[in-house]
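The values are calculated or read from the model by the stated rules, or taken from the named source; none is laboratory data. All values derive from a computational prediction rather than experimental measurement. Quick reminder, even Gly has a Cβ in these numbers, built from the backbone with ideal geometry, and neighbours come from all protein chains shown.
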Amino acid sequence: MNELIYVYAVARPFEHGGLTAVVSDVRAEDFEEAPLRRRLEDLEWLAETARAHESVVRAVSAVTGVVPLRLATVCRGENGVRRLLDEGRNRFTTNLDRLEGRVEWGVKLYAEPDPEPDRASAAEPAPGPPPRGGDGTASPGRDYLRRRMRSRQTREQNWARADALARQLHTELSRCADGQRLHRPQSGQLARASGVNVLNAAFLVRREESDAFVGQVERLTPRDASVRVELTGPWAPYSFADLSEQQDAPPRQVRQEAHEGRAGA
């Protein structure tokens, strides 16, 4: 059989102790290796695929433990899926045991280094020479330089506060979690929110302790226009599924990690 099968996740069903792959058939014109490579450069298609992937994994994780696989994990037919499960059995089982009853929460911190920029001073040209004959008490040049200095000091102070808060959030929230991962700050097209992403972290939390974790995030979030904290989740534990050795793929299996319809969160 040569049909392509998309593998969303590996789960442990209730009725026995084996492994089950959550799959669907996909079109070769989208998921063969060459067209898939082109598709992954289409941000609209990628976002739609990531949303579909996440919706399936979320539905499964609501009823049983799950190891989510990378976006666009594709096997060649049913035998390819069986081989994926056989070769990764130890890793899948270890991950299911470790992640059972746990969810992932994402915490991002954005800095607004100059929330109220001095647009007037930025737009106005530098002042010319002071008028002749003045006593020097009213110098447009000195006023301009003072405004520029205050603006720079404000930005530096805001950056310092954002850095300190990022460290505090990571330290305090790590104490409330069973695991944590620091992801690369998002930028460019991935950073859809305003501001500069200073912290991009994921935390592994017991499902029953999620309310307490959310409360801790709220307590640690200051009322400060120069920073903004964004909490997302709960997600299936994408960031904590350790499948780094999953290299013995079925023939022509395609893997491509895309950030995170999330995730990544």
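In a residue-by-residue description of region 44-52, the property of being in contact with a Leu (Cβ under 9 Å, 6 or more places away or on another chain) and under 20 Å from residue 207 (Cα atoms) applies to no position.
Search region 88-118 for residues being assigned to a strand (DSSP E or B) and farther than 14 Å from residue 68 by Cα, and hand back the single one that is modelled with the lowest pLDDT. First the steps, then the outcome.
At the first step, the residues of region 88-118 found to be assigned to a strand (DSSP E or B) are 102-111.
Adding the requirement that they be farther than 14 Å from residue 68 by Cα leaves 105-111.
Numbers: 105: 98, 106: 97, 107: 97, 108: 96, 109: 94, 110: 93, 111: 89.
The qualifying residue modelled with the lowest pLDDT is 111.
Among what's in region 159-178 and is in contact (Cβ under 8 Å) with a residue 24 or more places away in the chain and among the charged types (D, E, K, R), pick the residue that is surrounded by the fewest Cβ atoms within 10 Å (Cβ to Cβ). It would help to see each step written out before you state the result.
Initial filter on region 159-178 (in contact (Cβ under 8 Å) with a residue 24 or more places away in the chain): 159, 161-163, 165-166, 168-170, 172-174, 176-178.
Now restrict to residues that are among the charged types (D, E, K, R): 161, 163, 172, 178.
Numbers: 161: 16, 163: 15, 172: 13, 178: 16.
Ranking the candidates gives 172 first.
Of the residues making up region 27-82, those that are of a type in the set (S, T, N, Q) and assigned to a loop (DSSP other than H, G, I, E, B) are 64, 73. Looking across region 159-180, the residues that are in contact with a Leu (Cβ under 8 Å, 6 or more places away or on another chain) and closer than 18 Å to residue 209 by Cα come down to 169, 170, 172, 173, 177, 178, 179, 180. Checked against the criterion of being modelled with pLDDT under 75, assigned to a helix (DSSP H, G or I) and more than 30 Å from residue 58 (Cβ to Cβ), the candidates 132, 155, 167 yield just one match: 155.
Being over 16 Å from the mean Cα position of the chain (by Cα) and among the aliphatic types (A, V, I, L, M) is the filter; apply it to region 214-236 and report the residue that is nearest to residue 161 (Cα to Cα). It would help to see each step written out before you state the result.
Just the residues of region 214-236 that are over 16 Å from the mean Cα position of the chain (by Cα), to begin with: 214-227.
The next check asks that each one be among the aliphatic types (A, V, I, L, M); those that pass are 214, 217, 220, 225, 227.
On the way: 214: 22, 217: 17, 220: 13, 225: 11, 227: 8 Å.
Of everything passing the filter in region 214-236, 227 is nearest to residue 161 (Cα to Cα).
Exactly one residue out of 84, 71 is touching a Pro at 6+ places or on another chain (Cβ under 8 Å) and among the aliphatic types (A, V, I, L, M), and it is 84. A Cβ distance below 7 Å, combined with a sequence gap of six or more or placement on separate chains, defines the contacts here; from region 199-210, residues that are part of a helix (DSSP H, G or I) reach residues that are among the basic types (Lys, Arg) in the pairs 207/102.
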